[in-house]
1. Out of all the residues in segment 70-100, which are part of a helix (DSSP H, G or I), more than 19 Å from M177 (Cβ to Cβ) and of a type in the set (A, V, I, L, M)?
2. Out of all the residues in segment 54-69, which are assigned to a helix (DSSP H, G or I) and either farther than 22 Å from V173 by Cα or small (G, A, S) (or both)?
3. Checking the structure you have, find out if any residue of segment 143-158 is under 18 Å from A61 (Cβ atoms), of a type outside the set (K, R), open to solvent by 30 Å² or more (accessible area, probe 1.4 Å) and at pLDDT 90 or above.
4. K77 is checked against (1) open to solvent by less than 10 Å² (accessible area, probe 1.4 Å); (2) at pLDDT 95 or above and fails just one. What number does that condition carry?
5. Does E141 satisfy the condition of being in a strand (DSSP E or B) and closer than 23 Å to K106 by Cα?
6. Within segment 147-203, can you find the residues that are out of contact with any strand residue (DSSP E or B) (no Cβ under 9 Å at 6 or more places or on another chain) and among the basic types (K, R)?
7. Of the conditions (1) open to solvent by less than 20 Å² (accessible area, probe 1.4 Å); (2) part of a loop (DSSP other than H, G, I, E, B), G128 clears all except one; give me its number.
8. Being open to solvent by 70 Å² or more (accessible area, probe 1.4 Å) and either at pLDDT below 85 or basic (K, R) (or both) is the filter here, so list the residues in segment 173-215 that pass it.
Amino acid sequence: MIRRRKNILALILAVAFSSTLSYKVSAAFPTTKRLAGADRYITSLKVAQDGWNSSYYAILACGEDYPDALSSVPLAKKYDAPILLTHRTYIDSSVLEELKSLNVGKVFVIGGTGSVNDRILSQLNSLGMQTERIGGADRYETSVKIAEKFGKVDTLTVATGQDYADAISIGSVAAAMGVPVILVPKNIMPDSVKNYVKNLDRLKTDDGSSTTTTTSTFKGYKVFVVG
């Protein structure tokens, strides 16, 4: 299971990194570059070093499970920020050094205290970095909290939060479109997701004006359901 999660998180970081890049079509044979460290935490550091010389924003997600990092990919694109991984209860000194090297001023910490302990936020604050925790009661509400950072959107992507493959597949596309990835269970829609969608409908009418109506027409919205 540990090896499987390590591979998953490496894929997530690759998706996040690729979503920040622009590609040109070329007939030349593609080159390859391996970004890897001794573990998933150092791998996230290597990705950050390869993609950024400096960054005001950074995203910190738990490296012991995948949902929070999955939901963070479009957010990383929005803020042009690297995703760095941490243990639940402590952060590697090398990751801290990378944050300082990048001159990070604000860190978005993804997930509740069960994912990233408050002591880590205090440690970041002591180094002069602002922190903002984006987390809910579970992975589904956390994905909604991240989505709220995008304000009004007319497109959503939805994938299961019970496995990683579909959300990884859509992550870079969602990032390129500037829209969030909402995680849901297989057979139900959590109240947190329902409330988020209802709020979107109140904020946007057919002509684009603001309204407080609770009528759920959802005309003009696009929802990509993956899987």
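The values are calculated or read from the model by the stated rules, or taken from the named source; none is laboratory data. Not measured: the values here are computed from a predicted model. As a convention, Cβ positions derive from the backbone with ideal geometry for all residues, glycine included, and neighbour counts pool all protein chains shown. Protein only, heavy atoms only, side chains kept; ligands, DNA and RNA dropped before computing areas. Shrake-Rupley method; radii C 1.70, N 1.55, O 1.52, S 1.80 Å.
1. V95, L96, L99, listed by residue number.
2. Step one: filter segment 54-69 for residues assigned to a helix (DSSP H, G or I), giving 67-69.
Hit for segment 54-69 is A69, nothing else.
3. Taking segment 143-158 and keeping what is under 18 Å from A61 (Cβ atoms), we get 143-150.
If we keep only those that are of a type outside the set (K, R) as well, we get 143-144, 146-148, 150.
Cutting the leftovers down to open to solvent by 30 Å² or more (accessible area, probe 1.4 Å) gives us 148.
Right, trim to at pLDDT 90 or above and you get 148.
Yes, the conditions are met somewhere in segment 143-158.
4. Unmet for K77, out of (1) open to solvent by less than 10 Å² (accessible area, probe 1.4 Å); (2) at pLDDT 95 or above: (1).
5. Numbers: in a strand (DSSP E or B): no; closer than 23 Å to K106 by Cα: yes.
The answer is no for E141.
6. K152, K194, K198, R202
7. Just one mismatch for G128, condition (1).
8. Taking segment 173-215 first, the residues open to solvent by 70 Å² or more (accessible area, probe 1.4 Å) are 176-177, 186-189, 191, 194-195, 198, 202, 206-207, 210, 212, 214-215.
Passing the criteria: K186, K194, K198, R202, D206, D207, S210, T212, T214, T215.
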